[in-house]
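Here is the structure we will look at.
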There are 4 protein chains.
Amino acid sequence: MTGIALFGAGTIGRVHARNIAAHPGCQLKYVVDTDIGRAEALCRAHGGQAAADVETALRDKAVDAVVVASSTSAHYAHLTAVIAAGKPVLCEKPIADDLGDAKRCADAAAGLVAATAFNRRYDASYLAVHERIRVGEIGKVEMIHIVSRTQAPTPAPESVRFSGGMLREKGSHHYDLAAWLSGAEPVEIFAAGDCLVDPGFAEYGDLDTAALTLRLDSGALVTFSFSRRTAFGYEEMIEVFGSEGMLEAGRQRRLGVALYKRDTVIEDGLHGGWYERFGPTYQAELDAFLAAAQGRGAAYASLVDGLRAQAVAEAAIRSVREKRVVPIERIW
Amino acid sequence: MTGIALFGAGTIGRVHARNIAAHPGCQLKYVVDTDIGRAEALCRAHGGQAAADVETALRDKAVDAVVVASSTSAHYAHLTAVIAAGKPVLCEKPIADDLGDAKRCADAAAGLVAATAFNRRYDASYLAVHERIRVGEIGKVEMIHIVSRTQAPTPAPESVRFSGGMLREKGSHHYDLAAWLSGAEPVEIFAAGDCLVDPGFAEYGDLDTAALTLRLDSGALVTFSFSRRTAFGYEEMIEVFGSEGMLEAGRQRRLGVALYKRDTVIEDGLHGGWYERFGPTYQAELDAFLAAAQGRGAAYASLVDGLRAQAVAEAAIRSVREKRVVPIERIW
Amino acid sequence: MTGIALFGAGTIGRVHARNIAAHPGCQLKYVVDTDIGRAEALCRAHGGQAAADVETALRDKAVDAVVVASSTSAHYAHLTAVIAAGKPVLCEKPIADDLGDAKRCADAAAGLVAATAFNRRYDASYLAVHERIRVGEIGKVEMIHIVSRTQAPTPAPESVRFSGGMLREKGSHHYDLAAWLSGAEPVEIFAAGDCLVDPGFAEYGDLDTAALTLRLDSGALVTFSFSRRTAFGYEEMIEVFGSEGMLEAGRQRRLGVALYKRDTVIEDGLHGGWYERFGPTYQAELDAFLAAAQGRGAAYASLVDGLRAQAVAEAAIRSVREKRVVPIERIW
Amino acid sequence: MTGIALFGAGTIGRVHARNIAAHPGCQLKYVVDTDIGRAEALCRAHGGQAAADVETALRDKAVDAVVVASSTSAHYAHLTAVIAAGKPVLCEKPIADDLGDAKRCADAAAGLVAATAFNRRYDASYLAVHERIRVGEIGKVEMIHIVSRTQAPTPAPESVRFSGGMLREKGSHHYDLAAWLSGAEPVEIFAAGDCLVDPGFAEYGDLDTAALTLRLDSGALVTFSFSRRTAFGYEEMIEVFGSEGMLEAGRQRRLGVALYKRDTVIEDGLHGGWYERFGPTYQAELDAFLAAAQGRGAAYASLVDGLRAQAVAEAAIRSVREKRVVPIERIW
């Protein structure tokens, strides 16, 4: 039974708390949050031991692992403390606001089980695509196309202050998928975008619509289509085109019910939101993290993978500004 | 260049005339119809030589083959004459109004190229299913399910006087498909039906909705779902379930365009009518008939196949009346 | 918190135990089984209070409801006892081996929350179809087609002694779906079948392949295609054809991954077995039962619904023997 | 009856000859080709009057319209002559090797029916998408994604000398689709590519794999994925994402037959080649051209549209070299 301290009692912290409580292999020990009331409530709701501060939580030998789901600005301090304590850690992305801080964390964590919460890696469909590329079903990967468009309503532009903007927040998940699926490293990126949905994003220096082209060191080209609002639910899909075939993890439908009427066949549409589509990946992610923490050798996204995705994001943002290809420095 | 006499200048006769005129391997010589004006007009429209009577057409040595598309009640006389003249013949189904007459035709035609116009056998999808069953992709055929439902508007009940009713007109095509796909012979049938669409059909002793179960001599069970009206175009599909897999020739869509909107994906529907769906099969049927007539050995549905389908139809009609399984006498 | 006694610690009992333990609104109190060791082990594994006999369990006021998942031959005695105790009950089908006993139970349960475990009613896709028929999307129901074919390996023919045979075991779920979806009552049935998969079933008077045609009092025709073995996983689908459209709950695929290779697109197939496909319905079924037991008015399949399905099954079996349509006596 | 002179008797010239001969509304008069024997043979095969030189063909008053399908290097001279003669013309793309020449042609043709052979505009699926965007089904267009990947075997790198390379040959069709579907004008482009299929293309300064991002003056972003070789037939698809929905003209399958086997559903794949997929569009294109030439007001792609696509192609080629966004000068 792995004892877990959870840092962060916000939206994503609550998802982790619920999954930790339901998992037969671990136990919620502490919840850490600057808002003590919120920490206590979450702890109580999921049978945790107590709300606590960072030091108390890390000092307790019954805490075998830590999940960091605090606000981004707290990540660096939290990660640094957990790594210093030598405990396995699963950290929401980004690792840190600053790329240099992120690199310091990744470097310091060498040898530890230190995971970045790239939950999409644990999606059953994506896992199948990953595995089937590995065994050679499509030969050499030459092109990847990834679509990720978020359902309406569009988030308020002010949210950019916390999220860092679409090319960081949404993007980093997908830069990671590209590297993970291809097994190749990012080399250079071009990004174009605009505010077609809500001009308000421009005031925060952000975009709501973007198309990116990433070159990998294998020569493969990866394209990304992002938007902050669809009129039809949460949309995500991946196509991997190789020299001997193409694998597609398509847009998933909800129910498999079709209505034949007049001159159409009206099928179920997409999931209403990202959580309906990817909710189960958080459980699988926790499962893989626990397995790794217990030395049972599961594959997981490391802090180094998180660092790589951040480096791509920073280059993408610069590319939008400079209207040119930006090389990605290999700091990971 | 095969010279062709066409008997019948009605709806289906016009389809044949058009295809004969467009086919590079044959030439329309005569059109025969009790309505001379209609025959002449059709002949002229497709570059034929002349309207004529049966004797004139059959006496001309330039007539190498005959297509019989006259009214059902004329089939027996027409077929008998063509067979006596020893010319290859393609006859619309049914072979004759009376099952005994149909048998006499089939017997008399032994050794001749004498084809029944089961045009669905020449559909590219059905041909593929047929071929793939032959090469063993699904093992031994155990169940077949065939759906055929006609688009709205429902035909007028009076049409039954000419068509012989749904279990003959629509049914015979599909009884033939079942035997052809399975390579097995019909043994007994159960049919249930009702007038759910239009009670007027009952006045003519007919149905508009029916479900049939046919047992083949291989033991396989074939089910048929028929209706005279859908709210969504012409619907036809076939599933063949075997010991090692299942082949499905699904409902075909028109365009391959999808609209993602709200919580649905709205795809193209079915073809508007049977001709949109199966029009091309008439050309393929003519092609196969010409190849056979010219001794190039193409596969085609024979008069014996037509006789078999008629025998099944008669048993089905009796089953509806007697509410029991009716054995199918092996007269073919 | 609803206290629950579970009768039966076999395969399906274990499914219920797991779901009861995981449900936040109820608590496992007792497990009753003739094999005390098995009852104790199951009780312990899921935090139950104790293994017990029927009387002890029913006498305890903390037992608010009972789930009967014992062997079919014990159903009658168990149901009778629970009904006499006036406790809400969810009973696996069939209600009783004998149709008369089943009727006695259904009659006795009048006024009680007494549910038959027709878990497919709680499938998200089937529920959607049910609801959409109710709101009129397809007009008047005219034809229903239901396919249910079980994955390989085929069960051993000896299993018939316990299951009652395919037309009872597999059939009753689907007779119930037909009545539930259409909102109409069964009137007469025709059933044809054979042993194409394993001749051993014939020794037990059973079939492994069957096609049935059920007529409802609305005039609608329902066809069923059943088999005890597919070469491609667990196959189930429903089509409901109405005067104004058709609703289809299609064969569900596993992952949504496709491989484009050579001249094919290789998609995911069906679920490996019925439990992979319908496992989640057991949780939804429990949820509905608890809601009804607590007076929160959920819809559920009653014992009367179970009785009806049994009456259809008995008529179907007679139809196979007598090769004719068998009227279904309205005993429910 | 429109009399037609066909310039060019090569591969695409033969497609036009066949369609002209089969079309009920026009007649093949002359075939013009530097290889007289080839011109004569093609003329004879399709019932044309005679092989001829440009002057003879254009002088004949029975020539009502001209189809230019000669080699690209001859386009400018041919087009100039036809425009001077004031006859309606349908010209294969590109209009001319040189962008300035192309502009001169487009300018000179003002007021004439002068069409560029962008045959994909006449595809039934693309037409449907175009029409449905017009009527507002998806609101304002924000993103378009177009995939075009050619089947194996890869063309020989030497072919670049005639085709002008992938970003011109393949690209121009798709730049045109983007502008036509969106109703917006190209503003700037970024293109990245490589030789992943065959390094031989690099020797000719060409690519075999490319990803492009085009910005339109509406703000919409268009992405293109191109490749010169797939392992699974000819692949083309279009997605148009708008503020109120998304329209998709998907990868078309050949037959609609599926095989359920083991844990997969094996469906038909794509068409074997571009001609199987887009062959029918050449007939529809001819039909639209004839209608326009006869003053029946059909919509068609003009020389101006052709010029625009060429301007995009040249900018794309420069972008690859300079690794930056290249503005597209508005010369059309």
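The values are calculated or read from the model by the stated rules, or taken from the named source; none is laboratory data. This is a predicted model, so every value here is computed, not measured. Neighbour counts run over all protein chains shown; Cβ positions are idealised from the backbone, glycine included. Each accessible area value is taken on the protein alone, full model and side chains, heavy atoms only, with ligands, DNA and RNA left out. Shrake-Rupley method; radii C 1.70, N 1.55, O 1.52, S 1.80 Å.
Listed by first and then second residue, the pairs with beta-carbon distance under 6 Å, at least 6 apart or on different chains, first residue in the stretch D:27-50 and outside the structural domain of D:Lys61 (by TED's automatic domain parsing), second assigned to a strand (DSSP E or B), form an empty list. Reported count of residues in the stretch D:214-249, each being in contact (Cβ under 8 Å) with a residue 40 or more places away in the chain and part of a loop (DSSP other than H, G, I, E, B), is 9.
For A:Leu290, indicate whether it is assigned to a helix (DSSP H, G or I), at pLDDT 95 or above and in contact with a strand residue (DSSP E or B) (Cβ under 9 Å, 6 or more places away or on another chain). So A:Leu290 fits the description; yes. Of the residues making up the stretch C:307-332, those that are small (Gly, Ala, Ser) and away from chain B (no Cβ under 12 Å) are C:Ala309, C:Ala311, C:Ala313, C:Ala315, C:Ala316. Only a single criterion out of (1) open to solvent by less than 20 Å² (accessible area, probe 1.4 Å); (2) touching a helix residue (DSSP H, G or I) at 6+ places or on another chain (Cβ under 7 Å) is not satisfied by D:His75, namely (2). The residues on offer are A:Val113, A:Val141, A:Val135, and the sole one that is in the same structural domain as A:Ser70 (by TED's automatic domain parsing) and more than 20 Å from A:Val15 (Cβ to Cβ) is A:Val113. Against the conditions (1) in a loop (DSSP other than H, G, I, E, B); (2) more than 22 Å from A:Glu169 (Cβ to Cβ), A:Ala96 satisfies every one except (2). Of the residues making up the stretch C:166-188, those that are over 18 Å from C:Leu127 (Cα atoms), crowded, with 20+ Cβ neighbours inside 10 Å and more than 12 Å from the chain's Cα centre (by Cα) are C:Met166, C:Leu167, C:Pro186.
Taking the conditions exactly as written (in a strand (DSSP E or B) and touching a residue at least 40 places away in the same chain (Cβ under 8 Å)), does C:Ala210 satisfy them or not?
Details: in a strand (DSSP E or B): yes; touching a residue at least 40 places away in the same chain (Cβ under 8 Å): yes.
For C:Ala210, the condition - in a strand (DSSP E or B) and touching a residue at least 40 places away in the same chain (Cβ under 8 Å) - is met.
For the stretch D:149-206, a tally of residues being touching a residue at least 60 places away in the same chain (Cβ under 8 Å), closer than 16 Å to A:Ser243 by Cα and either assigned to a strand (DSSP E or B) or within 14 Å of chain A (Cβ to nearest Cβ) (or both) returns 7.
Criterion applied to B:Leu42, B:Leu99, B:Leu112, B:Leu90 was being within 13 Å of B:Leu303 (Cα to Cα), aliphatic (A, V, I, L, M) and buried (at least 20 other Cβ atoms within 10 Å of the Cβ), and the one residue passing it is B:Leu90. Being farther than 18 Å from C:Leu214 by Cβ and open to solvent by 10 Å² or more (accessible area, probe 1.4 Å) is the filter here, so list the residues in the stretch B:206-218 that pass it. Those that are farther than 18 Å from C:Leu214 by Cβ and open to solvent by 10 Å² or more (accessible area, probe 1.4 Å): B:Asp206, B:Arg215, B:Asp217, B:Ser218. When the residues of the stretch C:229-253 are filtered to those that are open to solvent by 10 Å² or more (accessible area, probe 1.4 Å) and farther than 27 Å from C:Glu131 by Cα, the one that is nearest to the other protein chains (Cβ to nearest Cβ) is C:Ala231. Scanning the stretch D:254-300 for residues that are within 12 Å of chain B (Cβ to nearest Cβ), of a type in the set (D, E, K, R), buried (at least 17 other Cβ atoms within 10 Å of the Cβ) and out of contact with any Ser or Thr (no Cβ under 8 Å at 6 or more places or on another chain) turns up D:Arg254, D:Lys261, D:Arg277. Only one entry of A:Gly37, A:Gly47, A:Gly25, A:Gly10 meets the criterion of being among the small types (Gly, Ala, Ser), surrounded by fewer than 19 Cβ atoms within 10 Å (Cβ to Cβ) and within 17 Å of A:Gln294 (Cβ to Cβ), and that entry is A:Gly25. Taking the listed residues B:Ser225, B:Ser182, B:Ser159, the one that is closer than 18 Å to B:Pro94 by Cβ and among the hydroxyl-bearing types (Ser, Thr, Tyr) is B:Ser159, with no other qualifying. Just one residue in the set B:Ala50, B:Ala108, B:Ala41 is hydrophobic (A, V, I, L, M, F, W, C) and closer than 25 Å to B:Asp305 by Cβ; that residue is B:Ala108. Quick one: is B:Ala128 open to solvent by 10 Å² or more (accessible area, probe 1.4 Å), modelled with pLDDT of 95 or more, within 19 Å of the chain's Cα centre (by Cα) and not acidic (Asp, Glu)? The answer is yes for B:Ala128.
Only residues that are among the hydroxyl-bearing types (Ser, Thr, Tyr) and more than 8 Å from every other protein chain (Cβ to nearest Cβ): list them for the stretch C:212-228, please. Selection gives C:Ser218 alone. Within the stretch C:295-319, the set of residues being in contact with an Asp or Glu (Cβ under 9 Å, 6 or more places away or on another chain) and at pLDDT below 95 comprises just one member, C:Ala298. Tell me, yes or no, whether the stretch B:266-284 has at least one residue that is modelled with pLDDT of 95 or more and within 27 Å of B:Gly136 (Cβ to Cβ). Checked against the condition, which is being modelled with pLDDT of 95 or more and within 27 Å of B:Gly136 (Cβ to Cβ), the stretch B:266-284 yields at least one hit.
Each row is one residue, and each column tells you yes or no for (1) touching a residue at least 24 places away in the same chain (Cβ under 8 Å); (2) more than 28 Å from C:Ala102 (Cα to Cα); (3) under 23 Å from the mean Cα position of the chain (by Cα).
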site	(1), (2), (3)
C:Ala258	no, yes, no
C:Val265	no, yes, no
C:His271	yes, yes, yes
C:Arg277	yes, yes, yes
C:Gln283	yes, no, yes
C:Ala293	yes, no, yes
C:Arg308	yes, no, yes
C:Arg318	no, no, yes
C:Arg321	no, no, no
